[in-house]
């Protein structure tokens, strides 16, 4: 009987390994933790452009960004997110020169952004722009944007945004929503195909003194959960011709849970959902569920809806709501007992049950 030589077997193994290395060198890259010195924007950009799946890029202190957007350029992978993490007391990106459309742009899949502040300083239209899928945003504050604070669009899916705040958005005078998913149909990049961003959860997020709506979900987007949100206009008057509601929803399959809208001196509602027939011929704005929601100290009403397939659970509260439970002209949502509520779940980031 012939026996296989251990030496020959080892040589064959090494030869095969060499071939794999020659043809797939990127597959052999090892994840690394890289620390960016405080204020060193050039090194940060270098690490972002050369990142490998699983890398952790640590940032600390203040980075004064005078020359455009901070952007990703490399994909992570399932189970190997590329992480940008503020260490110690966190990191601040302060933009001191024009950043154009977005201060911080995640345009690649499988990312984590943690423990940072993005201060647009009125140098960008948007604070954090996400145009990618699969990721986590944790303990991120965006402030002083000309327009939206957090914007998720272009079919981006599977995100968990947690413990994050949009503050002082809309320094340009309007279009200053706090958290914004999708795009209005006239801005769909593949019109008449909708922007189908979805499977997104906002957990314990705050919209503070936004010029427009605290949360705005556009037609075409879907499967969005908001849990434990606080929208506080701080008795300023939002820009009324664009949007001045706590939540403005023109999409399907949305659950708003244990969330509060307060201190709105304008005429907007705490929760507004509009039936919207978009350029694809589809009517959006249905299947909104309000569970354990609260409105306090607002000049408008708690709810406006023109779609009957929306549900209000009876554990809501309202205090100092001048416009009452329903705005004039509103349809009435169906009511349901809290015990009948079923939280949406899905397979992917943000889809786990959180209640």
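Remarks
- Filter result for the condition that a residue is in contact (Cβ under 8 Å) with a residue 24 or more places away in the chain, closer than 16 Å to residue 247 by Cα and touching a helix residue (DSSP H, G or I) at 6+ places or on another chain (Cβ under 8 Å), over 177, 219: 219
- Residues within region 63-72 that are part of a loop (DSSP other than H, G, I, E, B) and over 14 Å from residue 98 (Cβ atoms), tallied: 1
- Once region 141-179 is narrowed to residues that are under 20 Å from residue 347 (Cα atoms) and crowded, with 24+ Cβ neighbours inside 10 Å, the residue that is farthest from the chain's Cα centre (by Cα) is 156.
- Residues within region 154-180 that are more than 15 Å from residue 135 (Cα to Cα) and part of a strand (DSSP E or B), tallied: 5
- Taken together, the residues in region 121-140 that are assigned to a strand (DSSP E or B) and more than 22 Å from residue 79 (Cα to Cα) amount to 6.
- Within this structure, residue 56 fails the test of being surrounded by 14 or more Cβ atoms within 10 Å (Cβ to Cβ) and touching a helix residue (DSSP H, G or I) at 6+ places or on another chain (Cβ under 8 Å).
- Meets criteria (surrounded by fewer than 24 Cβ atoms within 10 Å (Cβ to Cβ), modelled with pLDDT of 95 or more and within 24 Å of residue 187 (Cβ to Cβ)) for residue 262: no
- Among the residues of region 181-199, the one identified as within 20 Å of residue 245 (Cβ to Cβ) and assigned to a strand (DSSP E or B) is 181.
- When residues in region 202-213 are screened for being touching a strand residue (DSSP E or B) at 6+ places or on another chain (Cβ under 7 Å) and either surrounded by 24 or more Cβ atoms within 10 Å (Cβ to Cβ) or part of a loop (DSSP other than H, G, I, E, B) (or both), 7 of them pass.
- Count - residues of region 265-287 that are touching a strand residue (DSSP E or B) at 6+ places or on another chain (Cβ under 7 Å) and either in a loop (DSSP other than H, G, I, E, B) or buried (at least 22 other Cβ atoms within 10 Å of the Cβ) (or both): 11
- Entirely in region 288-355, the strands (runs of 3 or more DSSP E) that have 2 or more residues that are in contact (Cβ under 8 Å) with a residue 24 or more places away in the chain and either more than 26 Å from the chain's Cα centre (by Cα) or surrounded by fewer than 16 Cβ atoms within 10 Å (Cβ to Cβ) (or both): 317-321, 334-336
- Any hit, region 60-67, residues being more than 27 Å from residue 349 (Cβ to Cβ), touching a helix residue (DSSP H, G or I) at 6+ places or on another chain (Cβ under 6 Å) and either at pLDDT 95 or above or surrounded by fewer than 18 Cβ atoms within 10 Å (Cβ to Cβ) (or both): yes
- Given (1) touching a helix residue (DSSP H, G or I) at 6+ places or on another chain (Cβ under 9 Å); (2) farther than 21 Å from residue 160 by Cα, number of the condition residue 98 does not satisfy: (1)
- Among the residues of region 40-54, those identified as under 22 Å from the mean Cα position of the chain (by Cα) and either more than 18 Å from residue 112 (Cβ to Cβ) or part of a loop (DSSP other than H, G, I, E, B) (or both) are 53, 54.
- Subset of region 73-120 [surrounded by fewer than 20 Cβ atoms within 10 Å (Cβ to Cβ) and outside any strand (DSSP E or B)]: 73, 74, 75, 78, 79, 96, 97, 98, 107
- Selected residue (criterion: surrounded by the fewest Cβ atoms within 10 Å (Cβ to Cβ)) from residues of region 218-245 that are at pLDDT 95 or above and over 27 Å from residue 189 (Cα atoms): 234
- In the set (1) part of a strand (DSSP E or B); (2) more than 30 Å from residue 345 (Cα to Cα), residue 255 fails one condition alone, (2).
The values are calculated or read from the model by the stated rules, or taken from the named source; none is laboratory data. All of these numbers come straight from a predicted model, not from anything done at the bench. As a convention, Cβ positions derive from the backbone with ideal geometry for all residues, glycine included, and neighbour counts pool all protein chains shown.
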